[in-house]
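The values are calculated or read from the model by the stated rules, or taken from the named source; none is laboratory data. Only a predicted model underlies this, so the values are computations on that prediction, with no experimental measurement involved. Cβ sites come from the backbone with ideal geometry, for glycine too, and all protein chains shown count toward neighbours. SASA here: full protein model, heavy atoms, side chains in, ligands and nucleic acids out. Shrake-Rupley method; radii C 1.70, N 1.55, O 1.52, S 1.80 Å.
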Amino acid sequence: MAKKALVIEDDINIAELLRLYLEKDGFDVHIADNGGKGIADFERLAPDLVVLDIMLPVLDGWAVCREIRSQSKVPIIMLTAKGETFDKVTGLEMGADDYIVKPFEVKEFLARVHAVMRRTDPENGSEPRKLVFDKLVINMDSFELLVDGKKVDIPPKEMELLYHLAATPNRVYTRNQLLDEVWGFDYFGDSRTVDVHIKRLREKLENVSDKWSLKTVWGVGYKFELNAT
C-alpha cells in the first residue's frame, strides 16, 4: 500500500509541484490549502508524512505543527520562505523533523523526505530497542520516555538523539557525527540543530539522577555519561 503524504501549502503552484514529485516517488498525496483544513485532513487521513508551510491562512504552520505533535509522531518537514535561525529553531523545538527554505531544489527536498522516512520507519525483524538506567527508561519500540517513573512527551528527534547517545555511554560524539548518524548523511542542516535538541533534552532530564548525565565536551561535542559510584 502506498504511503500517504499530506502537503499543507497555500501556494497552488508549489503544492502541485510537490504532489508531482511525491507521487513519482510512490506517495498518495493530499493537499490542504490552509491550516484549519490541514488539521482536519490530518485527522481524517492519518498520513505517513506531513509537508507543512509556515505562512498559512486560518492557522499558521506553528499552530498546525503544535496540534499534530499533540496527537502524533508522524514525520513533519516544515517548508517556508523564511531562512532565519529563529524560524528553524522554533520549528525544531515544536517537533518538526526537518526544515527546508524556499526556493529549493527538488532533489534536495526528496533527499530530506527519504531521510526522515528512513529514520522513522520501523526496521522489520529488529531486536527490541530499550535502554534502562537509574530513573530513566528509553523505549524506542513503544517510543516512550519514562523519567522517574513518569511518561514524558518528547518529539521524535529528541528521542532518537537521546537513544543514540545513551546506547553507547561515555562515548563522545561530535556535532557532525550526530547530524550524520541521527539526522542522516543527507541532512542539510547545521550543527546548531544538535545544540537545540540537547538543550531541550536537558530541560527534561536535569537533576533526575546523579548516576548519569548529558555532558558537553567543550570543543568536541556531547556524550551520555555514566557517573562513577
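At full extension, A111 and S72 could sit 11.8 nm farther apart than now, given 0.36 nm per residue minus the alpha carbon distance.
Summarising the amide proton neighbourhood of F27: residues at separation of 5 or more, or on other chains, whose placed amide H is nearer than 5 Å comprise an empty set. Sequence-ordered 3J(HN,Hα) estimates for region 24-38 from the Karplus curve with 6.51, -1.76 and 1.60 and θ = phi - 60° stand at 4, 8, x, 8, 8, 9, 10, 10, 10, 9, 7, x, x, 5, x Hz, glycine and proline given as x. Distance between the pseudo-spin-label points of V101 and R118 (7 Å out from Cα toward the beta carbon): 2.5 nm.
Couplings 3J(HN,Hα) of region 142-152, computed from phi: 9, 6, 10, 10, 10, 10, 6, x, 10, 6, 10 Hz, in residue order, whole Hz [Karplus 6.51 cos²θ - 1.76 cosθ + 1.60, θ = phi - 60°; x for Gly and Pro]. Determine, from the Cβ-Cβ distance of A63 and K3 and an R0 of 22 Å, the FRET efficiency 1/(1 + (r/R0)^6), rounded to the nearest 0.05. Efficiency at R0 = 22 Å is approximately 0.30.
Each label was represented as a point 7 Å from its Cα along the Cα-to-Cβ direction; for A46 and A167 these points are 2.7 nm apart. If each residue of separation counts as 0.36 nm, what is the full-extension length gain between K130 and S209 once their alpha-carbon separation is subtracted? The span from K130 to S209 would gain 26.6 nm if fully extended. Rounded to the nearest 10 degrees, the inclination of helix 192-205 to the longest alpha-carbon principal axis of the chain is 60 degrees. FRET efficiency for the Y21 to R202 pair, using the beta carbon distance and R₀ = 45 Å, is estimated at 0.75. Legend: distances between Cα atoms for K3/K73; K3/K130; K4/K151; K37/K107; K130/K150; pairs beyond 19 Å are K3/K130; K4/K151; K37/K107. Taking every DSSP beta bridge that has both ends in the chain, the antiparallel portion is near 55%. For mean projected area of the Cα convex hull in nm², pick the label among (i) 12.2; (ii) 13.1; (iii) 14.5 that corresponds to the value derived from the coordinates. Computing mean projected area of the Cα convex hull in nm² and matching it to (i) 12.2; (ii) 13.1; (iii) 14.5 gives (ii).
Computed about its Cα centre, the charge dipole of the chain is approximately 700 debye, with only Lys, Arg, Asp and Glu carrying charge at their Cβ.
Per-residue surface analysis assigns D60 an accessible area of about 60 Å², computed on protein heavy atoms at 1.4 Å probe radius.
Multiplying the sequence separation of D28 and S142 by 0.36 nm and subtracting their Cα-Cα distance, what value in nm do you get? List each step's numbers first, then the result.
Details: separation 114, 0.36 × 114 = 41.04 nm, distance 2.64 nm.
Full extension from D28 to S142 adds 38.4 nm.
What residues from region 189-229 fall in the zone where the backbone N is under 11 Å from a label point 7 Å along the Cα-to-C-beta line of E181? Those under the cut-off are 222-224.
Compared with the dominant principal axis of the Cα atoms in the chain, helix 106-120 is inclined by about 50°.
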